[in-house]
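A short write-up of the structure that comes next.
The values are calculated or read from the model by the stated rules, or taken from the named source; none is laboratory data. Keep in mind that what you see is a predicted model, and the values were worked out from it rather than measured. A quick note on method: Cβ atoms are made from the backbone with ideal geometry, for glycine too, and the neighbour counts reach across all protein chains shown. Areas reflect the complete protein model, heavy atoms only, side chains present, ligands, DNA and RNA absent. Shrake-Rupley method; radii C 1.70, N 1.55, O 1.52, S 1.80 Å.
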Amino acid sequence: MDYSFSNGSVKLLGRAFEYMGLVGLSYSASGIEFEAEGGCEIDIVADRVSEFADADIHYARYLLFVDNTRCIDERLTEQKKTLKIELDGRHTYRLVKASESRDSSIFVKSVRALEGEILATAPKQNRIEFIGDSITCGYGVDGRLAIDEFYTTATEDATKAYAYLTAETLDYDYSIVSTSGAGIISGYTADGKRNTDNIFIGNYDCAGCSMPKFADGISPYDISYDFSFRPNIVVVNLGTNDKSYLLPDCGITEENTEGAEKEMTREQVLEYRAEFFRNEYIKFLKHIREMNPDSFIICSIGIMEDAINGEVFRAAEDYTAMTGDERVGCFEFRRLNIEKEGIGTDWHPSPITQSNSAAALCNYINSLKAEGKV
């Protein structure tokens with residue numbers, strides 16, 4: 001039996017979306033899950049990433065789990081492919097996009113059970129959404145800190161990142177909306193100049209943020225998300241990349257200031273940017289609340305940087321004071337320990353750090369449960 005999006009034969013994971021009769025997988029860990037007898041075949045299709053000159057960096061990485069065991073781990077380097085698993089008996093199959101949205105998207109064209117019907121797995125009792133950057137994407141988790149190693153989707157795996165691991169541990173359905181390098185007021189910047197090309201907030205309302213477009217010129221950024229997921233908890237982990245603008249290591253110079261900043265002292269510029277960050281963070285919290293009226297919101301930060309943790313928590317406190325919304329909490333991740341836990345590509349968290357971060361977040365969420373807050 002072939003899968004049809006409209007008849008609910010499969011369970012959609014994360015921000016999987018409908019596109020021209022296909023199921024689109026763009027954001028990290030989006031996917032499908034179902035039960036089938038005797039194995040299955042899944043037809044998948046790529047976007048136009050192959051047209052990029054550096055396509056090998058951006059090919060989508062996907063995983064196929066059978067009964068929670070990883071059976072296929074590949075990148076989609078061709079336009080079309082059929083995944084086939086033959087097994088006796090009934091099993092649960094989960095196809096997950098391991099790489100992030102900005103690089104590429106995958107489309108599920110059809111799903112066939114080799115025997116009998118396909119059945120969607122049941123929804124879980126609780127739901128959690130994660131909003132974040134490269135840490136949440138699992139950037140470089142399968143890589144290493146080496147001079148000759150650079151970013152590629154081959155070393156990115158969202159299923160090894162704290163967000164996915166937290167949802168698995170708590171047995172929650174999940175949604176992960178994350179983009180590497182993104183920030184609240186500035187994406188990552190190496191020279192202290194504000195990077196407005198990678199501000200996260202616009203990504204929250206769409207199905208994805210891929211650079212490659214689809215065959216008809218549409219991008220997942222053009223497809224609105226319907227916010228039907230309704231999470232019990234929303235975890236925000238943004239601000240790490242803003243640090244490079246709020247506290248630039250290169251210092252405040254004539255070249256990386258603009259507008260009113262040029263008449264300020266270094267200390268005044270830093271406070272000016274910090275206030276700007278807090279105000280924009282508050283605006284984003286208001287938008288999250290508008291889209292998720294019943295969710296408990298957790299404002300978190302700290303795995304790779306801890307220099308602006310105070311700004312994040314002050315923004316959360318100011319938001320509550322301003323709105324009276326007390327369904328907001330603050331959680332500080334422990335900063336990674338390279339000597340004990342190792343390190344991934346570009347100083348990103350290793351699998352050990354990601355796992356430890358998930359365990360800490362689970363403990364915090366369980367404490368909220370004990371207090372009756374979630």
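Given the convex hull over the Cα atoms of the range 226-318, what projected area results after averaging over all orientations, in nm²? Display every interim value, and only then the final one.
On the way: hull surface 29.0 nm².
One quarter of the hull surface, i.e. the mean projection, equals 7.3 nm².
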Farthest positive-ward along the chain dipole, Cα basis, beta-carbon charges - from SER295, VAL96, THR353: SER295
Rounded if a/c under 1.5, otherwise prolate or oblate - the range 152-221, Cα gyration tensor axes: oblate
To the nearest 10 square angstrom, what accessible area does PHE227 show with a 1.4 Å probe? 20 Å²
dims of the range 220-278, Cα set, principal axes, largest to smallest, nearest Å -> 47, 26, 18
Would you work out the charge dipole size for the range 230-374 about its Cα centre, treating the Cβ of every Lys and Arg as +1 and the Cβ of every Asp and Glu as -1, and quote it to the nearest 20 debye? 740 debye
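Let's see if you can work this out: charge +1 on each Lys and Arg Cβ, -1 on each Asp and Glu Cβ, no other charges. What is the dipole magnitude of the chain about its Cα centre, in debye to the nearest 20? The partial results should precede the final answer.
Numbers: 38 positive and 62 negative charges, 135 e Å.
Roughly 640 debye for the chain.
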At 222 nm, what value in deg cm²/dmol follows for the chain if DSSP H runs of at least 4 each add -39500 (n - 2.57) and the sum is divided by all its residues, to the nearest 500? -7000 deg cm²/dmol
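Could you tell me which GluC sites (Glu not before Pro) in the range 251-360 are loop residues by DSSP with no more than 14 other beta carbons within 10 angstrom of their beta carbon?
Values: sites: GLU254, GLU255, GLU258, GLU261, GLU263, GLU267, GLU271, GLU275, GLU280, GLU290, GLU305, GLU311, GLU317, GLU326, GLU332, GLU339, GLU341; in loops: GLU258, GLU305, GLU326.
Hits after loop and neighbour filter: GLU258, GLU326.
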Taking the alpha-carbon centroid of each part, what is the distance from the range 240-281 to the range 302-348 in angstrom? 19 Å
Using only Cα atoms, tell me the angle between helix 309-323 and the longest principal axis of the chain; keep it within 0 to 90° and round to the nearest 10. 90 degrees
√(5λ) per eigenvalue of the Cα gyration tensor, the chain, largest first, Å: 36, 23, 19
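For the range 65-104, compute Rg over Rh where Rg is the Cα radius of gyration and Rh is the Kirkwood radius from the inverse mean 1/r over Cα pairs. If you can, show how the numbers build up before the last one.
Numbers: Rg = 12.2 Å, Rh = 12.1 Å.
Across the range 65-104, the Cα-based Rg/Rh ratio is 1.01.
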Place a +1 charge on the Cβ of each Lys and Arg in the range 19-121 and a -1 charge on the Cβ of each Asp and Glu, then give the dipole magnitude about the Cα centre in debye, rounded to the nearest 20. 220 debye
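Over the chain, what is the relative contact order in percent, taking alpha-carbon pairs closer than 8 angstrom and at least six residues apart? Walk me through the intermediate numbers first.
Values: 877 pairs, mean separation 64.8, N = 374.
Relative contact order comes out at 17 percent.
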Using the Cα centre of the range 151-283 as origin and beta-carbon charges of +1 (Lys, Arg) and -1 (Asp, Glu), tell me which of THR189, ALA154, TYR164 is placed farthest towards the positive end of the dipole. TYR164
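Hey, got a sec? Which trypsin sites (Lys or Arg not before Pro) in the range 154-222 land in a DSSP loop and have at most 15 other Cβ atoms within 10 Å? Don't skip to the end; give the middle numbers.
Values: sites: LYS160, LYS193, ARG194, LYS213; in loops: LYS193, ARG194, LYS213.
When the trypsin sites (Lys or Arg not before Pro) of the range 154-222 are filtered for loop state and at most 15 Cβ neighbours within 10 Å, nothing remains.
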Quick one: how many Å² of TYR19 are accessible to a 1.4 Å probe, rounded to 10? 30 Å²
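Share of Cα-Cα pairs in the range 3-90 beyond 18 Å, in percent? List each step's numbers first, then the result.
On the way: 1870 of 3828 pairs.
When every Cα pair of the range 3-90 is considered, 49 percent fall beyond 18 Å.
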Carbon plus sulfur, as percent of the 1.4 Å-probe accessible area of the chain, comes to 48 percent
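Starting from the Cα gyration tensor of the range 240-374, multiply each eigenvalue by 5, take the square root, and state the resulting semi-axes largest first in whole Å. Could the numbers behind the result be given before it?
Numbers: eigenvalues 167, 114, 20 Å².
Semi-axes from the Cα gyration tensor: 29, 24, 10 Å.
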Residue-normalised accessible area of the chain, given per residue in Å² at a 1.4 Å probe: 42 Å²
Specify which residue in the list PHE65, ALA29, PHE52 is farthest towards the positive end of the charge dipole of the range 28-71, using unit charges on the beta carbon of Lys, Arg (+1) and Asp, Glu (-1), about the Cα centre. PHE52
Just to confirm the number: angle between the C-alpha axis of helix 266-291 and the first principal axis of the chain, 0 to 90 degrees, nearest 10? 40 degrees
